[in-house]
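Below: the structure, in structure tokens.
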Amino acid sequence: MEDKKTILLTGAAGFIGHHLAVRLVRQGHHVIGIDNLNDYYEPQLKLDRLLAAGIAINETENNTSVITSSELSGLSFVKLALEDKKGLDTLFGVYKFDVVINLAAQAGVRYSLSNPQAYVNSNVTGFVNVLECCREHGTSHLVYASSSSVYGLNDKVPFAETDVVEQPASLYAATKRSNELLAHVYGHLYGLPTTGLRFFTVYGPWGRPDMAYSLFSDAILNDRPIKIFNHGRMSRDFTYVDDIVEGLLQVCLQPRPAQSGVPARVYNIGAGKPVNLLDFVKTMESALGKTAEKKFMDMQPGDVEKTYADTSALEKDYGYRPGTDLATGIAAFVEWYRNYYKI
């Protein structure tokens with residue numbers, strides 16, 4: 001096993017953060033998780049993710065104390081926002097983190113149209129606070145979540161890290177691209193090693209309720225029509241959460257490949273198998289055992305027609321290979337969804 005590391009994981013009550021925290025502590029690492037538990041979607045889901053990992057917290061309390069898991073030795077949690085630089089400084093000073101994994105962000109493309117300030121606060125100001133703490137406290141490696149949305153209006157597929165990414169289609173995408181640029185600057189000026197991962201449409205158990213697979217499940221099981229944007233002429237590189245976690249583990253725990261110049265890397269992480277939206281719906285219908293009523297609609301502002309990851313760089317440097325096919329992953333999600341929502 002790798003040497004035991006002390007790791008700060010931001011967004012620990014989030015979808016990917018929950019799965020990653022559990023895997024890290026089961027491998028013997030010490031994880032301090034933070035999350036602001038905001039109400040972008042129902043906070044109860046975040047609280048239940050924490051509870052499943054042995055963290056019992058009263059969301060209504062303004063509690064910034066460290067809570068230790070009753071189930072997983074080595075996992076602790078603090079309710080804290082990235083915008084709270086003083087609180088972050090305190091944590092960095094106490095724990096001397098070996099690795100920082102920044103998954104916290106204001107998510108969602110469409111929400112950014114109505115609430116842009118939330119994205120600036122969390123994804124820009126908050127990320128700068130993380131970079132500053134890593135610089136000030138000598139963190140050896142910052143791993144952070146970027147997004148396939150940075151490819152924006154690019155027509156060339158599959159998307160490769162060498163593609164130009166200066167045409168974002170949403171504020172969310174612009175903030176994620178800003179993270180990559182800021183990380184590069186901190187690598188150039190201060191030698192801070194960073195690795196950004198551009199996630200491609202992550203799905204699976206404990207997934208966010210605002211994502212298509214959750215919205216479709218809710219509508220289909222409750223006999224409501226599902227919205228099919230761009231009249232079905234869309235495709236996504238759906239990536240199962242366990243495959244994302246495997247890639248994160250490899251990047252944050254393995255030695256970084258030798259590199260000349262600025263120590264700032266960015267990788268795609270996805271399945272590398274885009275699926276047409278209507279084929280995705282068929283897979284969901286099969287897993288749910290019900291046929292969907294479909295309402296075909298125009299493209300939404302800020303959306304893109306397709307995503308498709310070229311993951312050859314991550315495979316070359318870290319041996320990353322996603323292994324979960326869509327039918328298997330959707331079946332696992334549906335099983336969790338039915339159990340959690342008691343449907």
Original post:
Within the group Gly87, Gly28, Gly108, which residue is of a type in the set (Gly, Ala, Ser), surrounded by fewer than 23 Cβ atoms within 10 Å (Cβ to Cβ) and part of a helix (DSSP H, G or I)?
Top reply: Gly87
Subject >> Selected residue (criterion: nearest to Asn123 (Cα to Cα)) from residues of the range 176-192 that are touching a residue at least 60 places away in the same chain (Cβ under 8 Å), crowded, with 21+ Cβ neighbours inside 10 Å and not charged (D, E, K, R) >> reply: Ala183
**OP:** Please tell me if Gln259 is polar (S, T, N, Q), under 20 Å from the mean Cα position of the chain (by Cα) and either part of a loop (DSSP other than H, G, I, E, B) or more than 16 Å from Ser146 (Cβ to Cβ) (or both).
**Re:** no
Original post:
Which residue out of Leu215, Leu253, Leu221 is free of Cβ contacts under 8 Å to residues at least 40 places away in the same chain and either among the hydrophobic types (A, V, I, L, M, F, W, C) or surrounded by 16 or more Cβ atoms within 10 Å (Cβ to Cβ) (or both)?
Top reply: Leu215
Original post:
Just one of the numbered conditions (1) touching a helix residue (DSSP H, G or I) at 6+ places or on another chain (Cβ under 7 Å); (2) farther than 24 Å from Cys134 by Cα; (3) at pLDDT 95 or above is not true of Glu59; which one?
Top reply: (3)
Original post:
Is there a residue being among the hydroxyl-bearing types (Ser, Thr, Tyr) and within 19 Å of the chain's Cα centre (by Cα) anywhere in the range 187-194?
Top reply: yes
Original post:
So which of Gly289, Gly323, Gly270, Gly329 is touching a Lys or Arg at 6+ places or on another chain (Cβ under 9 Å) and closer than 26 Å to Trp206 by Cβ?
Top reply: Gly270
**OP:** Name the one entry in Tyr267, Tyr186 that is in contact with a strand residue (DSSP E or B) (Cβ under 6 Å, 6 or more places away or on another chain) and either at pLDDT 95 or above or assigned to a loop (DSSP other than H, G, I, E, B) (or both).
**Re:** Tyr267
Subject >> Lys96, sole failed condition from (1) at pLDDT 95 or above; (2) out of contact with any Leu (no Cβ under 9 Å at 6 or more places or on another chain); (3) surrounded by fewer than 16 Cβ atoms within 10 Å (Cβ to Cβ) >> reply: (1)
**OP:** Take the residues in the range 294-312 that are crowded, with 18+ Cβ neighbours inside 10 Å and of a type in the set (Gly, Ala, Ser), then tell me which one is modelled with the highest pLDDT.
**Re:** Ala309
**OP:** Quick one: Thr125 ticks every box in (1) in contact with a Gly (Cβ under 7 Å, 6 or more places away or on another chain); (2) at pLDDT 95 or above; (3) in a helix (DSSP H, G or I) except a single one, so which number is it?
**Re:** (1)
**OP:** For residues that are of a type in the set (A, V, I, L, M), surrounded by fewer than 24 Cβ atoms within 10 Å (Cβ to Cβ) and touching a residue at least 40 places away in the same chain (Cβ under 8 Å), scanning just the range 144-173, find the one that is farthest from Ser235 (Cα to Cα).
**Re:** Leu171
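The values are calculated or read from the model by the stated rules, or taken from the named source; none is laboratory data. Because the structure is predicted, anything quoted here is derived from the model rather than measured. No Cβ is skipped: glycine too gets one built from the backbone with ideal geometry, and neighbour counts run over all protein chains shown.
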